[in-house]
1. Going through the range 326-356 one residue at a time, which ones are surrounded by fewer than 20 Cβ atoms within 10 Å (Cβ to Cβ) and among the small types (Gly, Ala, Ser)?
2. In the range 224-254, what count of residues is obtained for those that are in a loop (DSSP other than H, G, I, E, B) and more than 16 Å from the ligand (Cβ to nearest atom)?
3. May I ask you to verify whether Phe176 is modelled with pLDDT of 95 or more and surrounded by fewer than 19 Cβ atoms within 10 Å (Cβ to Cβ)?
4. Search the range 336-359 for residues that are touching a residue at least 60 places away in the same chain (Cβ under 8 Å) and pair each with any residue that is crowded, with 17+ Cβ neighbours inside 10 Å and among the β-branched types (Val, Ile, Thr) when their beta-carbon atoms are under 6 Å apart and the residues are at least 6 apart or on different chains.
5. Need pairs with beta-carbon distance below 6 Å; first residue under 19 Å from Arg47 (Cα atoms) and within the range 213-242, second surrounded by fewer than 23 Cβ atoms within 10 Å (Cβ to Cβ) and β-branched (Val, Ile, Thr); sequence gap 6+ or separate chains.
6. Kindly provide the set of residues from the range 107-119 that are free of Cβ contacts under 8 Å to residues at least 60 places away in the same chain and touching a strand residue (DSSP E or B) at 6+ places or on another chain (Cβ under 6 Å), ordered by number.
7. Among the residues that make up the range 79-91, is at least one of them touching a residue at least 60 places away in the same chain (Cβ under 8 Å), crowded, with 19+ Cβ neighbours inside 10 Å and away from the ligand (no atom under 14 Å from the Cβ)?
8. Could you list, in sequence order, all residues of the range 284-316 that are in contact (Cβ under 8 Å) with a residue 40 or more places away in the chain, farther than 18 Å from Leu356 by Cβ and charged (D, E, K, R)?
Amino acid sequence: MALISPSRRLRRTPFSEGVEAAGVKAYTVYNHMLLPTLFATPEEDYRHLKSAVQVWDVSCERQVELRGPDSARLMQMLTPRDLRGMLPGQCFYVPIVDETGGMLNDPVAVKLAEDRWWISIADSDLLFWVKGIVYGFRLDVLVDEPDVSPLAVQGPLADDLAARVFGDSVRDLRFFRFGWFEFEGRSHVVARSGYSKQGGFEIYVDGTDAGMPLWHALMEAGADLDVRAGCPNSIERIEGGLLSYGNDMDRTNTPHECGLGRFCNTATAIGCVGRDALLRVAQEGPVRQIRALSIDGPPTPSCARHWPVKAGDKLVGRVSSAAWSPDHQTNVAIGMVRMTHWDEGTALTVEAPDGLRDAVVHETFWA
Ligand code: THG
């Protein structure tokens, strides 16, 4: 493949220098920013993530900051998840929907205070939609993108590494809770969260200048833990059923089709702009839904377009992500399958770019 030309539009991150020194081999573009995708091989990166600890430059998880008295009301307008019970110090995974109930993003909402929130976005320009809502409804909220860049510490040894840099109290953080932790005289939000099923933390690094000092401190503190630069690993995230906005779903899908019905409380999410559109599907359920699929045969190429899923010659779904799993010795995949064919064990055919493959539907993911 050809190279991508650098420019101001393709943003570097506070950690890019460290990522390059660590020998990054491939990037993708996410929220107009560099996101590393490969350091050694997909399999080596995967094995290391599952056995040690990695530091990930996930700066591309940009924050949409809400500040002002109408912030909580605005946040509830954006999502069908009921936020009334959410306290400062909590993070919530929240589907964000438009007025038709279509998925605009699937971020992590971080409630800093009643009148101050971060929306840690997936790959779509959510800020524009949020600013439009604020303007249209005359809300008293300032919306912008602060100089805050998440750095993830992921893997089974993440607690040990984080404790060496932030102190033992970081171990007490519960899942999707955050606290403020000091590093070299500055306070940063540290949450127990991250885009893997291996456990760990996300440090919302405050200020570009704080980036490389923290990167170096983590690498030095973790030398005997075999800490390495890493990145979200597509094999591991498919095994775990973590969705990728723009790959596995987009504006044409409801949260229920995405299997995110458990993060929706449509009946009580009063004020959500997509509420009326979602009430019916919340009651009756979707007619197609995200499913785990195993795909037979040798390692598939990676999925860069929808692959048709067939029952005989009838189109019943599509695959949107796929990877060879060394642990499960099969191709693991994420797809959208029609209700008539989504039951556990259903045998289907996938039209992969290199030919037809047998596949099986699963009702749960691998991790
Ligand atoms: N962390 C932060 N921001 C992010 C991501 C992240 N922004 C982009 C992207 N990832 C948003 N998408 C997701 C998808 C899944 C999860 C988080 C963000 C996730 N899901 C868990 C699961 O499904 O098992 C837990 C959800 C829950 O139980 O609340 O973590 O990773 N800051």
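1. Gly345, Ala347, Gly355
2. Qualifying residue count for the region: 4.
3. Details: modelled with pLDDT of 95 or more: yes; surrounded by fewer than 19 Cβ atoms within 10 Å (Cβ to Cβ): yes.
Answer is yes for this residue.
4. Met336/Ile290; Arg357/Ile295; Arg357/Val350; Ala359/Ile295; Ala359/Val350
5. Listed by first residue and then by second, the contacts come to Cys231/Thr37.
6. First pass over the range 107-119, keeping only residues free of Cβ contacts under 8 Å to residues at least 60 places away in the same chain: 107, 109, 111, 113-117, 119.
Of everything in the range 107-119, those that are free of Cβ contacts under 8 Å to residues at least 60 places away in the same chain and touching a strand residue (DSSP E or B) at 6+ places or on another chain (Cβ under 6 Å) turn out to be Pro107, Ala109, Lys111, Arg116, Trp117, Ile119.
7. Yes, the range 79-91 has at least one match.
8. Within the range 284-316, Arg288, Arg291 qualify.
The values are calculated or read from the model by the stated rules, or taken from the named source; none is laboratory data. Small disclaimer: the values here were computed from a predicted structure and weren't measured. Backbone-built Cβ (ideal geometry, glycine too); neighbour counts: all protein chains shown.
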